[in-house]
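Read through the structure below, which is laid out as structure tokens, and then see the notes.
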Amino acid sequence: MNLFRKELKSGIKPFLFWTLGLFVLIFAGIVKSSAAMADGQFMTQLISKFPRIVIATMGMANVDIAQFGGFYAVLMQYVFVLTAIYAAHLGSGAVSRESVDKTYEFLFTKPRSRAFILSRKLLAALTFLTAYVCLNFVFSLLAVRQLALTEDYTALFARFSLTLWLIGLVFLSLAALFAARFRVAEHGARAGNLAVLGTYALAVVYDLLEKPGILRLFTPFRYFLNAEVIGGSISAFYALVCVALCVVFLLDAFRCFERRDLGAL
Amino acid sequence: MNVYRFEIKRTWAGVAIWTLVICGLLVGLIVGALPAFLESRAAVEDMLAQFPPAFAAAFGMQMDNLFSFGGFYAFGFLYYALFGAIMASGIGLNLFSREKREKCMDFLLTKPRTRSGLFFEKLLAAVTLLLLSNAAFIATSLALYQAYAPAPLLPERALLSASSLLWTELLFLAIGAFVGVFARRVRSVSGASTAIGFAGFLLSALHSLLEEEKLRYITPFQYFHAAKAFSEGGFEANYALTGAVITLVLMIGAYIRYTRADIPAL
């Protein structure tokens, strides 16, 4: 428990910093949404006349921003990106933080196995991710109250938050795997961040293709399509894919971490 | 010039890859989608005819600007700026926190060189790389403009518009350098630069979603607006000035700190 507590303590400051970003994005987005929705119908019709590539680069594919649900979905696309970066940061930090700080000799000479230490660190990272997603839910609820809308959006927010958590898990474990695989910590972190950037680019490509087909499997950002989540369902298949990817990545991360040569850099 | 040469040698490969990605994206967008985009004008005009004249008037004014090379160029700018910002803030962070990260600050600072000399060599290396990268970007833009834009051509406006990436990148270089100099420790350059770049991206997205004018003062991607440069032949002075002032202030702040900071014992 010592280790877990210490990890929580050292992670709280960055967590607050990231939470601030989330807070600004959600509050500014939702509170001001009424203005954007007012001419939303006009915009939606207008946008539908443009070629797909323009719609995709604007991040407005397959949604109706005249509805609050559609507007929220557009906003959530950006929250997904934010969360993915934070999750990657958490994942690679859990594995290579001690190497970067050159404190690995102090920790890994303690009478605990590497797997034990890594599992506690990852558990702390998971706690932060979960707290972050819960805050997303709470912020959304608080912000939407300012709008005095008649409908109840609690279920919608809960669905989006759940998908946010699942996608965050994938990026967290992927970044942990990269950090464990690469010998140089900075290279591992870079691979994790590039994975977020690359899959986001793929998500934009996904939007601009008429029939993306198998591409969906390669970009977690499109595992849960806006239309489905707004409509009230979360793809069970892709939820399982998320969990499966997470398990595979983490198992491999543990395997590599057990065998690697710990050292500075 | 040892520091200059060293920093260039250490950084050029990453910059070259980023430049290729940005130019590739530009070519892909223009070649792949510009013709379809210009053709969609008729459909949009048809739709506008069904709406009350007030709407159409508010929007119709911009039709010529929107359905042009410049209008389309600006659509992609969000993404060039995202990649450029990650690259530029990465360069700034990397160069100005290198000794701090590798815990060899004392090795560098005991050499017979003034701190301000070191700072300027590093800065010069960073600016050289950005200029080279942008030379490639601007050349690509102008070539595409020659090939795809309908007459009459306005090359000087295209040049100004393409240069908005350079100004944006210089701003992010200053942000990166500032963070690199002031942060107590930099754990991961790529992590911090991705966060900075995406912060700019998210602010820009938020701005275009909400269309709130005041928000633009904190939206670095929109200080130097590519579409405006194309349609009006200049940046909007107040935003461009904000960007320039922020860049200078951050750079001066980083300089003061770099030349005066106490170097912690290891």
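The values are calculated or read from the model by the stated rules, or taken from the named source; none is laboratory data. Treat the numbers as computed from the prediction; the structure is a model and nothing was measured. Glycine gets a Cβ as well: all are built from the backbone with ideal geometry, and neighbour counts include every protein chain shown. Keep in mind that these areas ignore ligands, DNA and RNA; they rest on the heavy atoms of the full protein, side chains included. Shrake-Rupley method; radii C 1.70, N 1.55, O 1.52, S 1.80 Å.
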Which of the following residues is under 30 Å from A:Ser99 (Cα atoms), within 13 Å of chain B (Cβ to nearest Cβ) and touching a His at 6+ places or on another chain (Cβ under 9 Å): A:Ala191, A:Ala175?
-> A:Ala175
Near pairs, Cβ below 6 angstrom, 6+ apart or cross-chain, from segment B:203-230 (within 11 Å of chain A (Cβ to nearest Cβ) and of a type in the set (A, V, I, L, M)) to any residue that is open to solvent by less than 10 Å² (accessible area, probe 1.4 Å) and in a loop (DSSP other than H, G, I, E, B) = B:Leu203/B:Thr219
Taking only pairs six or more apart or across chains, which ones have beta-carbon atoms under 7 Å, a first residue in segment A:71-89 that is over 15 Å from B:Ser204 (Cβ atoms), and a second residue that is among the acidic types (Asp, Glu)?
-> none
Just one listed residue, out of A:Leu129, A:Leu118, A:Leu123, is touching an Asp or Glu at 6+ places or on another chain (Cβ under 9 Å) and either open to solvent by less than 10 Å² (accessible area, probe 1.4 Å) or among the acidic types (Asp, Glu) (or both), and it is A:Leu118
Looking only at segment A:208-233, count how many residues are open to solvent by less than 50 Å² (accessible area, probe 1.4 Å) and either more than 16 Å from the chain's Cα centre (by Cα) or more than 30 Å from A:Ala115 (Cβ to Cβ) (or both).
-> 11
Being under 19 Å from the mean Cα position of the chain (by Cα) and open to solvent by 60 Å² or more (accessible area, probe 1.4 Å) is the filter here, so list the residues in segment A:234-265 that pass it.
-> A:Ala236, A:Phe237, A:Leu240, A:Val243, A:Val247, A:Val248
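Any residue that is open to solvent by 80 Å² or more (accessible area, probe 1.4 Å), more than 16 Å from B:Leu170 (Cβ to Cβ), in a loop (DSSP other than H, G, I, E, B) and of a type in the set (A, V, I, L, M) - is there at least one of those in segment B:215-233?
Scanning segment B:215-233, I find no residue that is open to solvent by 80 Å² or more (accessible area, probe 1.4 Å), more than 16 Å from B:Leu170 (Cβ to Cβ), in a loop (DSSP other than H, G, I, E, B) and of a type in the set (A, V, I, L, M), so the answer is no.
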